[in-house]
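J.: Quick one: structure below, then a few questions.
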Amino acid sequence: QVRLVESGGGLVQPGGSLRLSCAASRSIFNFFRMGWYRQAPGKQRELVVYITSGGYTTYTDSLKGRFTISRDLTKNTLYLQMNSLEPEDTAAYYCQAVVDAATYWGQGTQVTVSS
């Protein structure tokens, strides 16, 4: 079992930045993959970005350049740096981990971009 806890969401003005964190309950060193997804009201959950155990990243094209994924293996934590935020980025953001063919999700953290 893996527990994932997201934090760092909140209200931010357009053009602002936020950094989300996802703390895992155990070492993420050999996790097959970790990533961030988001779900806006009335829409399906969509991939933002993921990173493999080898450090390979895949971004949704429309977000490349504004969002950056990173991880700290010593802290068992995944991050999502979000810059130049737009109202369209408003959503609940979820952390996902794929470990030993099982998929785990965090509870989500809300990001609201509004003036």
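J.: Calculate, for the chain, the solvent-accessible area per residue in square angstrom, rolling a 1.4 angstrom probe over the heavy atoms of the protein chains.
T.: Details: 6100 Å² over 115 residues.
With the other protein chains kept in place, the chain gives 53 Å² per residue.
J.: Tell me the Kirkwood hydrodynamic radius of the stretch 1-60 in angstroms, computed as one over the mean inverse distance between distinct C-alpha pairs. Before the final figure, lay out the partial values.
T.: Working: mean 1/r = 0.0745 Å⁻¹.
About 13.4 Å for the stretch 1-60.
J.: Relative contact order for the chain: what percent, with Cα pairs under 8 Å and sequence separation of 6 or more? Intermediate values should be presented prior to the final figure.
T.: Values: 283 pairs, mean separation 43.2, N = 115.
Averaging sequence separation for qualifying contacts and normalising by length gives 38 percent for the chain.
J.: Which value, in debye to the nearest 20, describes the size of the charge dipole of the chain about its Cα centre when Lys and Arg Cβ atoms bear +1, Asp and Glu Cβ atoms bear -1, and nothing else is charged? Please report the intermediate quantities before stating the final value.
T.: On the way: 11 positive and 8 negative charges, 49 e Å.
In debye, rounded to 20, the chain gives about 240.
J.: If I histogram all Cα-Cα distances within the chain using bins 5 Å wide from 0, what percent of pairs lands in each bin?
T.: 2, 13, 24, 26, 19, 10, 5, 1, 0
J.: Pop out the carbon and sulfur fraction of the accessible area of the chain as a percent, whole number, probe 1.4 Å.
T.: Values: 2890 of 6100 Å².
Carbon and sulfur: 47 percent of the exposed surface of the chain.
J.: Further, regarding this structure: Hey, how much of the P(r) for the stretch 54-115 falls beyond 16 Å, as a percent of Cα pairs? Working shown, then result.
T.: Numbers: 1071 of 1891 pairs.
Looking at the stretch 54-115, the distances longer than 16 Å represent 57 percent of pairs.
J.: Among DSSP bridges having both ends in the chain, what percentage is antiparallel? Round to the nearest 5.
T.: Antiparallel bridges: around 90 percent, rounded to the nearest 5.
The values are calculated or read from the model by the stated rules, or taken from the named source; none is laboratory data. Since this is a predicted model, take the numbers as computed values, not measurements. Note that each Cβ is placed from the backbone with ideal geometry, even for glycine, and that neighbours are counted across all protein chains shown. Keep in mind that these areas ignore ligands, DNA and RNA; they rest on the heavy atoms of the full protein, side chains included. Shrake-Rupley method; radii C 1.70, N 1.55, O 1.52, S 1.80 Å.
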